[in-house]
Amino acid sequence: MQVRPLSVEGAFEFTPNVFPDDRGLFVSPHQHHAFVEAVGRPLFPVTQTNFSRSRRGVVRGVHYTTTPPGTAKYTCCVRGRALDIVVDIRVGSPTFGKWDSAVLDGENFRSLYLPTGVGHAFVALDDHTMMSYLLSEPYVPEHELAVDPLDPALGLPIPAGLDPIMSGRDLAAPTLAEAAEAGLLPDYETCLKIDAR
């Protein structure tokens, strides 16, 4: 397992070894020891798993959960290809407003860990892209918030020539500055305390 710290404080990329043979392949996208060595603690207790399927051009996010309760995520692409993006929206974080990204696909099974309070977005690069999420908290619609992924101040790496397909909720999402002014963003210190539990 290869591990890369992302430029967003506390977020990591994990790339497992893939073992192909004439039957197909075998892979372990999450490995306890590698995670503990990188992050300094075990993966959060998983309370829910989600899957999403998207056609090419779909942009989902930037999503996050009100904090508290806050939600940490471990994401992986099991089919197709996605540009997975982590955005630091935690007020007071040393990397506030920064983002990092990685191409996840159903060939290398790279995964991203997003600590509590970090925003998540992805762009489906192929039809039938299937994303898998492990979540530290169950999905509660009234706790779910979003920041505009097309906010010019964020400058997320939406591929050129791609006409983003977005939900009404994401199209109506505030910019990062608007969300900060409205007091909607997570507090960095609160997020650290939640993750340390």
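The values are calculated or read from the model by the stated rules, or taken from the named source; none is laboratory data. Remember, it's a predicted structure, so these values are computed and weren't measured experimentally. Cβ sites come from the backbone with ideal geometry, for glycine too, and all protein chains shown count toward neighbours.
Scanning the range 67-92 for residues that are more than 19 Å from V8 (Cα to Cα) and either charged (D, E, K, R) or part of a loop (DSSP other than H, G, I, E, B) (or both) turns up P68, P69, R79, G80, R81.
Considering only the range 143-151, I want to know if a residue exists there that is surrounded by fewer than 18 Cβ atoms within 10 Å (Cβ to Cβ), at pLDDT 95 or above and of a type in the set (D, E). Yes; the residues of the range 143-151 include at least one that is surrounded by fewer than 18 Cβ atoms within 10 Å (Cβ to Cβ), at pLDDT 95 or above and of a type in the set (D, E).
The requirement of being part of a strand (DSSP E or B) and modelled with pLDDT of 95 or more is not satisfied by L154.
Among the residues making up the range 162-173, those that are surrounded by fewer than 17 Cβ atoms within 10 Å (Cβ to Cβ) and either touching a residue at least 12 places away in the same chain (Cβ under 8 Å) or part of a helix (DSSP H, G or I) (or both) are L162, D163, P164, I165, S167, G168, R169, L171. Could you tell me whether the range 19-42 includes any residue that is under 21 Å from A146 (Cβ atoms) and either in a loop (DSSP other than H, G, I, E, B) or without any contact (Cβ under 8 Å) to a residue 40 or more places away in the chain (or both)? No, the range 19-42 has no match at all. Exactly one residue among Y139, Y133 is part of a loop (DSSP other than H, G, I, E, B) and either at pLDDT below 95 or of a type in the set (S, T, Y) (or both), and that residue is Y139.
Candidates in the range 40-66 are the residues that are farther than 17 Å from L135 by Cα and surrounded by 20 or more Cβ atoms within 10 Å (Cβ to Cβ); of these, the one that is nearest to the chain's Cα centre (by Cα) is V59. If you go through the range 82-98 and keep only what is without any contact (Cβ under 8 Å) to a residue 60 or more places away in the chain and closer than 25 Å to A196 by Cα, you end up with just D84.
Anything in the range 67-95 that is over 11 Å from the mean Cα position of the chain (by Cα) and among the charged types (D, E, K, R)? List them, or say none. Residues satisfying the conditions are R79, R81, R90.
What is the residue count in the range 121-139 for residues that are closer than 23 Å to A196 by Cα and either touching a Ser or Thr at 6+ places or on another chain (Cβ under 7 Å) or free of Cβ contacts under 8 Å to residues at least 24 places away in the same chain (or both)? Final tally of qualifying residues: 6.
Of everything listed in (1) over 14 Å from T65 (Cα atoms); (2) under 15 Å from the mean Cα position of the chain (by Cα), the single unmet condition for V147 is (1). Of the candidates S111, S101, the single residue that is touching a residue at least 60 places away in the same chain (Cβ under 8 Å), of a type in the set (G, A, S) and crowded, with 19+ Cβ neighbours inside 10 Å is S111.
For L25, the criteria (1) surrounded by fewer than 20 Cβ atoms within 10 Å (Cβ to Cβ); (2) under 23 Å from L185 (Cα atoms) hold in every case but one, which is (2). The set of residues in the range 127-142 that are within 23 Å of V78 (Cα to Cα) and either surrounded by 17 or more Cβ atoms within 10 Å (Cβ to Cβ) or of a type in the set (A, V, I, L, M, F, W, C) (or both) comprises T129, M130, M131, S132, Y133, L134, L135, S136, E137. Could we say that T95 is within 27 Å of P164 (Cβ to Cβ), in contact with a strand residue (DSSP E or B) (Cβ under 6 Å, 6 or more places away or on another chain) and assigned to a loop (DSSP other than H, G, I, E, B) here? Yes.
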